[in-house]
Amino acid sequence: MAWGVAERAKGLAGSVIIATAALASAPASADSTLHERTPLSMVIFASLDTDRSKTHGSVGFKRAFGQGGLDASGFRLGLKWGESIEPAEHSPARGRMVKTELHALLGYEWRIGDLFLALSAGPELEAVFSETRARTSFSDRIGGRLQFDLWATPLENLLLQANAYAATLDQRFWLRLSPGWKLAPGLYLGPEIEFYRQQDYHKLRLGLHLTGFRLFGLNWRLAAGAQQTSDQPNAAYATLGVYWKR
């Protein structure tokens, strides 16, 4: 049963990517009076993350408010749904756990030249189905999340990315730093470091990312490397992300 849910999670992420590609191929609408394109105001995104014991897929969007859209400072509303399958109690021998998360974030994004800095907060809902040799269980909880995002190109050939969040559920904290060097216009390659911690568990990742390559009218990010956790042997990981502005 758990594996079936994981396959559905992968299938959903793939379906969103395909649907987004189809939408992106449609011509952009223009204002009939001003004869210019309406400012882009929404980002639709999806991702798939996998390692030895866990697979996580997510889809969501971020909406900008104001006449300037995404290219101007203003308020942002984000909604994200994710689903993962992982070992129960961080131990593959104990069974499988399926976790569904939904969070809605409201915040403000500052646009200063080529720098984007965003701070947002909101509620987070989590539902967990656990299946072990001894029993099955279901639980749901609600908490709060505070999130920080930075995207900047301080130099012509340098990209700086930083993302972090802190959540009240299990006292979670996540941080990713990923600078990049320009290979071509809009395309960057560089190292990434990612750290995650909750009450009795932590994870550290070191890898490489390729950010900004375009395919099917979408923007893609690919990363891979090695990870170390508090409960598993060292292993490889890979992530694939995609987004589309409209």
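In table form, for the structure just shown:
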{"quantity": "The stretch 109-137, subset among the hydroxyl-bearing types (Ser, Thr, Tyr) and in contact with a Lys or Arg (Cβ under 7 Å, 6 or more places away or on another chain), residue modelled with the lowest pLDDT", "calculated": "Thr132"}
{"quantity": "Single condition Leu34 does not satisfy, out of (1) closer than 30 Å to Arg141 by Cβ; (2) modelled with pLDDT under 60", "calculated": "(1)"}
{"quantity": "Qualifying residue in the stretch 234-246 (condition: free of Cβ contacts under 8 Å to residues at least 12 places away in the same chain, surrounded by fewer than 16 Cβ atoms within 10 Å (Cβ to Cβ) and under 16 Å from Lys54 (Cβ atoms))", "calculated": "yes"}
{"quantity": "Any pair with Cβ under 8 angstrom, 6 or more apart, that starts in the stretch 52-79 at a residue that is under 14 Å from Tyr108 (Cα atoms) and open to solvent by 20 Å² or more (accessible area, probe 1.4 Å) and ends at one that is among the aromatic types (Phe, Trp, Tyr) and not in a strand (DSSP E or B)", "calculated": "Phe75/Phe65; Leu77/Phe65"}
{"quantity": "Every pair of residues 6+ apart whose Cβ atoms lie under 8 Å, when the first sits in the stretch 182-199 and is modelled with pLDDT under 95 while the second is open to solvent by 70 Å² or more (accessible area, probe 1.4 Å) and among the aromatic types (Phe, Trp, Tyr)", "calculated": "Gln198/Phe173"}
{"quantity": "Residue within the stretch 88-97 that is under 16 Å from Thr132 (Cα atoms), open to solvent by 50 Å² or more (accessible area, probe 1.4 Å) and not in a helix (DSSP H, G or I) present", "calculated": "yes"}
{"quantity": "Matching residues, the stretch 151-178, being in a loop (DSSP other than H, G, I, E, B) and open to solvent by less than 40 Å² (accessible area, probe 1.4 Å)", "calculated": "Ser178"}
{"quantity": "Gly144 more than 23 Å from Ala46 (Cβ to Cβ) and either among the charged types (D, E, K, R) or in a strand (DSSP E or B) (or both)", "calculated": "yes"}
{"quantity": "Filtered residues of the stretch 205-225 (kept if part of a strand (DSSP E or B) and open to solvent by 60 Å² or more (accessible area, probe 1.4 Å))", "calculated": "Leu206, Leu208, Arg214, Leu215, Leu222"}
{"quantity": "Single condition Phe148 does not satisfy, out of (1) open to solvent by 50 Å² or more (accessible area, probe 1.4 Å); (2) at pLDDT below 95; (3) touching a strand residue (DSSP E or B) at 6+ places or on another chain (Cβ under 8 Å)", "calculated": "(2)"}
{"quantity": "Selected residue [out of contact with any Ser or Thr (no Cβ under 8 Å at 6 or more places or on another chain), open to solvent by 30 Å² or more (accessible area, probe 1.4 Å) and of a type outside the set (Lys, Arg)] from Gln228, Gln198", "calculated": "Gln228"}
{"quantity": "Candidates Ala162, Ala236, Ala223, Ala167 - the one that is within 30 Å of Val128 (Cβ to Cβ), modelled with pLDDT of 95 or more and over 18 Å from the mean Cα position of the chain (by Cα)", "calculated": "Ala236"}
{"quantity": "Tally of residues being out of contact with any strand residue (DSSP E or B) (no Cβ under 7 Å at 6 or more places or on another chain) and open to solvent by less than 70 Å² (accessible area, probe 1.4 Å) across the stretch 112-141", "calculated": "2"}
{"quantity": "Cβ pairs under 6 Å, 6+ apart, first in the stretch 144-155 and within 12 Å of Gly113 (Cβ to Cβ), second surrounded by fewer than 16 Cβ atoms within 10 Å (Cβ to Cβ)", "calculated": "Ala152/Leu115; Thr153/Asp114"}
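The values are calculated or read from the model by the stated rules, or taken from the named source; none is laboratory data. Everything numeric here is computed off the predicted structure, so don't read it as measured data. Methodologically, a virtual Cβ is constructed for each residue, glycine included, from the backbone with ideal geometry; neighbour enumeration extends over all protein chains shown. Note: accessible area is taken over every heavy atom of the protein model, side chains too, but ligands, DNA and RNA are not part of it. Shrake-Rupley method; radii C 1.70, N 1.55, O 1.52, S 1.80 Å.
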